[in-house]
Structures are given as structure tokens and as C-alpha cells.
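Rule-based calculations on the coordinates, nothing more; no lab input. Predicted model only: the values in this text are computed from it and were never measured. So basically every Cβ, Gly included, is an ideal-geometry build from the backbone, and we count neighbours across all protein chains shown.
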Number of protein chains: 2
Amino acid sequence: MKNIKVFCPGSVANISCGFDILGLCLDNIGDEIIVTEKKEPGIELELTGNYKIPNDINKNAASISAIALLNSYKELNYGFKISIEKKIKPGSGIGSSAASSAGSVYAINELLNRPFSKKELINFALEGEFACTKSYHADNIAAVLLGGITLVRSNKELDIIKLNTPLELFVTIIHPQIEIKTSDSRSIVNRKFEISKVIEQSSNLGAFVSALYNEDYDLISRCIHDIIAEPHRSELIPEFRNLKEIAISNGSIGFGISGSGPSMFSLARGPEKAYFIKKELEKHLQIKKINFKSYVSSVNDEGVKII
Amino acid sequence: MKNIKVFCPGSVANISCGFDILGLCLDNIGDEIIVTEKKEPGIELELTGNYKIPNDINKNAASISAIALLNSYKELNYGFKISIEKKIKPGSGIGSSAASSAGSVYAINELLNRPFSKKELINFALEGEFACTKSYHADNIAAVLLGGITLVRSNKELDIIKLNTPLELFVTIIHPQIEIKTSDSRSIVNRKFEISKVIEQSSNLGAFVSALYNEDYDLISRCIHDIIAEPHRSELIPEFRNLKEIAISNGSIGFGISGSGPSMFSLARGPEKAYFIKKELEKHLQIKKINFKSYVSSVNDEGVKII
């Protein structure tokens, strides 16, 4: 019976100027999934790692996505065991459910000799994402499956574009060990926006996309603004304003909330700057006695991969 | 006494997905301005051409822009006569005031041996634009002065990016000879927008910018949507819906309102398609007995220029 092991990277959704649109795939930070063929048809789950996730195959994002894939494939006289070593904490804001969902369908598709396109895999993984977040948003999943920095033009048509990744772009992630209710975090979506705000948000996104193609780090730094979610969500994250100030004054070219938080991201040009920013942010959190995890990562242009 | 003659091109603002953000510079369609040095300090106006515009130097966009430039320069013991041959009808929606404003400051800057940067020229030309439109919007002016397709990230900071122009992109302009009150046209700016609309508008803009860099004409065609202005402004333009349908069914990759109308634009890949679409649109307007002007233009990557 064949098996395959894949690295299922974390991801940063939104990147401030692309609320519900942009996603960025991380390296170093991710779950590991081993999918093994088994004699009995259907899906079986095995969970390891430090974090509790559902072990019911109808409630777990990885198995729900896998079932969606198998339902679109011809009937098989064998099945798959999905062993998940969960390394990304659920609710961290760096795409924990997307990593598992994307990882399981990617691995099974490889074992089946790739009957499905990446776009079809996104569709299956969305079912797992929906089970966790109650909405069909492809921003994290697209980044994990395609790698690099992705833009969801339409969730409905599943029109997804992989943008260019500037080579020297590095990400610092700070994950304060607190819980945010997703319901609090999503409540902002019921508001309405003045036309001036619509223009501000979208002009920053348009300019950011241009900056990625021109590898213009100065322009990137002028675009990383979020007038939609950050003004509200940042209230739920202790020390957000101070951390942002520390990052920017130490050379960050952009600081914001990763997904719906509580993780925060900082962008920097080159790994040295990214590590320096990480150290400065850590110092502040230690003084404030807030527990955290922190990482530095390049942009993972490959996405989910066999290891 | 030196003189200079410049071609002051028309432009398409908004391009559907970039309300108040995008501008595209046209070729073939534009005013001509001759600026001649004169012995007496100050600005003098001479107007020719088919269209009536103010001949008071404090009310004419070209002279107001020129005065703004001279006020930022050292005192001169001579002046300039601006002769405008107006070929773009004011209120047409293809940047009539921007053409005059940009053209006059460009010409004077050349005669002075370029003391000012393009960005500074945009600032001066904005004064002329403000006199006509009562708002500081650089979308048309940026396209005319920089050429190509431009994105205004911020009017306040005057942060403007010149995007990439796909080589085979051609524009068809249809200008029905009707008047639209600018006040009717601007009334949409007082509305508020649901978050889903904000995301739709900005994801189309982000994807459009990516499509320009990748010269992806299919993606361009999926991005040219305007959920902000078109649903309202199109009501003011007779036959808009039918014309759009005719353009799209004849190979247009995008059809919308140019600026605040009544001119409409269609994008196409290659000049043959653009001319064919023009012919089909003309047929329909002739049947409906609506007077119009129509043009086909490549994207003018150079912008305003000496002729």
C-alpha cells in the first residue's frame, strides 16, 4: 500500500490591503500529513501533534475535503488513512484549517496520479474550510495550493490568480497565545462603507499588485493599509498598536493582522531585517508578559509539497 | 520669442474596475496647444476650435494650471500666450479639461527647460481640473502626463503608478452627442457600499493590474466590471445596455462608461477587432437616430507630446 507525506504550510490571508482577496504562503510553519492507502474503502483519520482538532471524519477539515474529492472520483475498492501531525494551532490566524484541507486533497491527488487540477483541488479543500469557518473563502487555500501570493478575483467563479513574488520578501509572524472569537472577528462584515473608503482600500490593493510585479519594496510599504478590518479587529489583540509601531520603526515595510488574527505579520526586505524585527517584537511581548510564538519565513512559492 | 506645439490627448478614467483610480491615455483624439513666449509677463489666452470654453484666464483650465506653475517658479520678465485648438468636446467624458490642463503645463515646462518633474506638473494641472470639476482627481491628468495606463494610489499624497500596457490593447470610443449633468453623475458618491461590493470592486481592480503585467487579455475581460458607478450612470446614457451587448458579442474584452460619461469605451485585442466593434456600435446608433462621434485608438504610452 502506497503512502505519501506532505508539508502543509501556514498562510497569511488579507495582507491588510486585500481583505478576503489576498493570500501568502509561508515556509517553515506548517502541518505534516501522511496519507496511506488502506484496504477498506473510505477515509480514516489519525491525529497527532499538540493541538486538539475533531477526530470525527465528518467534522475534520482534512477528511471533509478528502471525502469531497473522492465523491467526485470514480468508485475505489480501497481507501485512505490520513495521519495529521497538527503543528499550526487552530484559530491562530495563519490558516490552520486551510493547511489541513489543502494538504489532504493534495496528497490523495498525488496518490491517484493527479486526476484533478489545482483549481479542482481548491474546490474540494473549500469544503473543509467551510466546515471550520462557515464560509467559502479561498484566500488561504489558494495560497497553500498554488504557493506564493495569490489573489481571489471571485470566490463564486473560483477565479484565482497567482501574482509575482518579490525575491527578497520575508515575513515575520507573531502569534500571541490568546483566543479570539471568530464571531467577534467577522462582525465587521455587516458594516457599510463610504465611497472614499472603497477607493482607498482598492487603490492600495491595485498598487500592491503592481509593486509585486515591479518588486518595488517602497511602494509595497505605502500600500499595506487596512481600512476595513484592522480598525476593529486590532482592538481584540493586546498591544497591537505598540507592536506595529515597533515593527515599522525597525524597518518593517508592512505590519498587520494575519487573517482574522490574533497572529500578526510583518513584511521586510531580506531575512536579516525580518529576524531583527522578530527580536524587537519578542522583547516587547516579554516585557508585557504575553505568551507568544514567533517565526520568520520566506514566501513559499511552491506551496504544499511532498517531503 | 520661442514657441512650442503640443498634442494633448484625451483619456479614459475609471476603466470600470478602477473608479476614481485608473486612467488610460488615448492617441489620435486630443487638443492641440501652441504656447508662445510674449514680452509682457503673465498668461494670455487664444481660443480656436469648435467648442466653447471660458476665455477668462482665471476660469480656463489651461491658464489656471499655467498660473499655478508660474506661481511656483521664479519671477519672469516675460510671459506666455496659450493658443488652444479645442478638439475634445467639454463634458464628453474623455478628459477634455485634463487634456488642456496637462498640455499647457507640459508645454511651458518644456519652454522653461524642464524645471519641474512630471509629478509637480500633475500638481499644477490639478488646479485647472479643480476649476472645472470642483474636485482634485488626478485620474485623467496622470494618464495624460505619464502616458499609458496609470493608477492613482492616493490623490492626497499624489502617489501615482504607471502600470504596464499590453501591446495589442486597443480602445474604441463612442461619444453620443448628449449632455449629462455632472451633478447627476457625481450623486452616486454619497451612497454606502456593502462589504461584499467593496471586495468585488477591489478584487477586480487587483486582478486587472495583474492582467496588465501578464498581458492576459482573457483575465482583462473578466475584470472589467463596475459595481459602483455603472449601475446608476448607465441610466443616463441612452442605449447603454444594448451597446454593451453589441460590443461584447462582437469581441470586446470590456465595455463601460468613460469617466462620468456620456462617452463609452470598449477594449479589444488588436486594431481590426476595435474597428469592427466601432462599426457595429455605429450601426446601432444610426438605427436609433442618435448622433455620435467615434474613434479607435491605441493606448498612448508616451502621453502629451511635442508635435
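Observations on the model:
- Distances in nm from A:LYS5 to the matching label points in the other copies, shortest first (labels 7 Å along Cα to Cβ): 7.6
- Relative to the longest principal axis of the Cα atoms of chain B, helix B:195-214 runs at roughly 70 degrees.
- Inter-copy label distances at B:PRO238, using a point 7 Å along Cα-to-Cβ, come to 6.8 nm with the shortest given first.
- Once backbone amide H atoms are built at 1.01 Å from N, B:GLU194 has A:PHE193 as its partners under 5 Å, excluding neighbours fewer than 5 places away on the same chain.
- Entries of B:LYS74/B:LYS118; B:LYS278/B:LYS305; A:LYS5/A:LYS118; B:LYS244/B:LYS273; A:LYS38/A:LYS74; B:LYS5/B:LYS86 with Cα pairs more than 21 Å apart: B:LYS278/B:LYS305
- Contact order, relative form, for the range B:256-307: 23 percent (alpha carbon pairs under 8 Å, 6 or more residues apart, mean separation divided by residue count).
- Take every Cα pair under 8 Å whose residues are at least 6 apart in sequence, average their separation, divide by the length of chain A, and the relative contact order is 25 percent.
- Spacing of the modelled spin labels on A:LEU111 and B:LYS192, each 7 Å from Cα toward Cβ, amounts to 5.1 nm.
- Teacher prompt: B:GLY79 distances to equivalent labels in other copies, 7 Å Cα→Cβ, nm: 9.1
- Highest-fluctuation residue, A:LYS87, A:LYS283, A:LYS162 considered, GNM on chain A with Cα pairs under 10 Å: A:LYS283
- Theoretical gain in end-to-end length, A:ASN50 to A:LEU76 [0.36 nm per residue, Cα-Cα removed]: 6.1 nm
- DSSP bridge orientation in the protein assembly as shown - percent antiparallel, rounded to nearest 5: 85
- Computed over the range A:3-163: relative contact order in percent, which uses C-alpha pairs under 8 Å that are six or more apart: 29
- Listed from fewest to most Cβ neighbours within 10 Å, the set B:ILE307, B:ILE43 follows the order B:ILE307, B:ILE43.
- Cross-link partners of A:LYS2 among aspartates and glutamates (Cα-Cα below 16 Å; sequence separation of 8 or more within a chain): A:GLU37, A:GLU40, A:GLU44, A:GLU110
- Taking other C-beta atoms within 10 Å as the exposure proxy, A:ASP218, A:ASP159 rank A:ASP218, A:ASP159 from fewest upward.
- Cα→Cβ-extended label distance, 7 Å offset, between B:LYS288 and B:SER135, nm: 2.5
- Approximate spin-label separation B:GLU157-A:LYS156, in nm, with each point projected 7 Å along Cα-to-Cβ: 3.3
- Highest mean first, the peptides B:136-148, A:48-60 sorted by other C-beta atoms within 10 Å per residue fall in the order B:136-148, A:48-60.
- Computed [θ] at 222 nm, helices only, for chain A once each DSSP H run of length n ≥ 4 contributes -39500 (n - 2.57): -11500 deg cm²/dmol
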